[in-house]
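All remarks here apply to the structure that follows.
The values are calculated or read from the model by the stated rules, or taken from the named source; none is laboratory data. Not measured: the values here are computed from a predicted model. Methodologically, a virtual Cβ is constructed for each residue, glycine included, from the backbone with ideal geometry; neighbour enumeration extends over all protein chains shown. SASA here: full protein model, heavy atoms, side chains in, ligands and nucleic acids out. Shrake-Rupley method; radii C 1.70, N 1.55, O 1.52, S 1.80 Å.
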Amino acid sequence: MTGIVQVGVGCFLFNSRFQLVTGVRKGSLGAGTIALPGGHLEFGESPEACAVREVLEETGIQIDENDVRFMTAVNTVFPAETKHYITLFVSCQVPDDSRPEVLEPEKCERWEWQSWEDLEKLAKTPDNDLFLPLQNLLRQRDINPRTFFSN
Ligand code: 8DG
Ligand code: MG
């Protein structure tokens, strides 16, 4: 299998109860699976700036680059689609009254708030419908979102 390795950025938007925004992907890699707002890292861009741009384009929520925390990176190969991504996961706390809007309806079915615990449970379920990078993150890394926003 040959090709290029691409860089994706996935952004957790957490409210104060550690619920986060997930969406159902549409029209591209992983269609029908649950993923975070995010997208391709553009040339010359930082992961934090990519998160600010993608979150605004996709949900209408304006976050500040200084509030974006880098979490970890995950390696994901999609053999059937001959795709390979390094996904940089970041997170940002947003106000509890934030309302994500579907601004790119051709790419996303809907946005929903989901609890961290439910997401963790879903990742442990065989044949779940999580987008593979997100599933890899939850299965391969030990993450406690409560530690991100203590300062
Ligand atoms: P475009 O390039 O299709 O115009 O828009 P995009 O917003 O940049 O595309 P995307 O399909 O949302 O994201 C691009 C790739 O980023 C996607 O095919 C795979 C990768 N990616 C990950 N993890 C995540 C994630 O958690 N969320 C999103 N949206 N994309 C991710 O590897
Ligand atoms: Mg996107």
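Show me the strands (runs of 3 or more DSSP E) entirely contained within region 34-146 in which 3 or more residues are within 12 Å of residue 12 (Cα to Cα).
Counting at least 3 such residues, we get 69-78, 83-93, 108-115.
Of the residues in region 6-50, how many are more than 8 Å from ligand 1 (Cβ to nearest atom), farther than 28 Å from residue 66 by Cα and out of contact with any helix residue (DSSP H, G or I) (no Cβ under 9 Å at 6 or more places or on another chain)?
Going through region 6-50 one residue at a time, the tally reaches 4.
Given the options 76, 82, name the one that is on the phi > 0 side of the Ramachandran plot and either among the hydrophobic types (A, V, I, L, M, F, W, C) or touching a residue at least 60 places away in the same chain (Cβ under 8 Å) (or both).
So the residue among 76, 82 that is on the phi > 0 side of the Ramachandran plot and either among the hydrophobic types (A, V, I, L, M, F, W, C) or touching a residue at least 60 places away in the same chain (Cβ under 8 Å) (or both) is 82.
Got a number for residues in region 27-62 being out of contact with any Cys (no Cβ under 6 Å at 6 or more places or on another chain) and more than 13 Å from residue 134 (Cβ to Cβ)?
Count: 25.
Considering only region 1-12, state which residues are in contact with a Leu (Cβ under 6 Å, 6 or more places away or on another chain) and open to solvent by less than 30 Å² (accessible area, probe 1.4 Å).
9, 10, 11, 12
Given the conditions (1) farther than 20 Å from residue 149 by Cβ; (2) open to solvent by 20 Å² or more (accessible area, probe 1.4 Å), and given that residue 78 satisfies all but one, which numbered condition is not satisfied?
The single condition residue 78 does not satisfy is (2).
Can you tell me which residue within region 130-142, out of those that are more than 14 Å from the chain's Cα centre (by Cα) and not polar (S, T, N, Q), is surrounded by the fewest Cβ atoms within 10 Å (Cβ to Cβ)?
Step by step, filter region 130-142, then rank; the result is 142.
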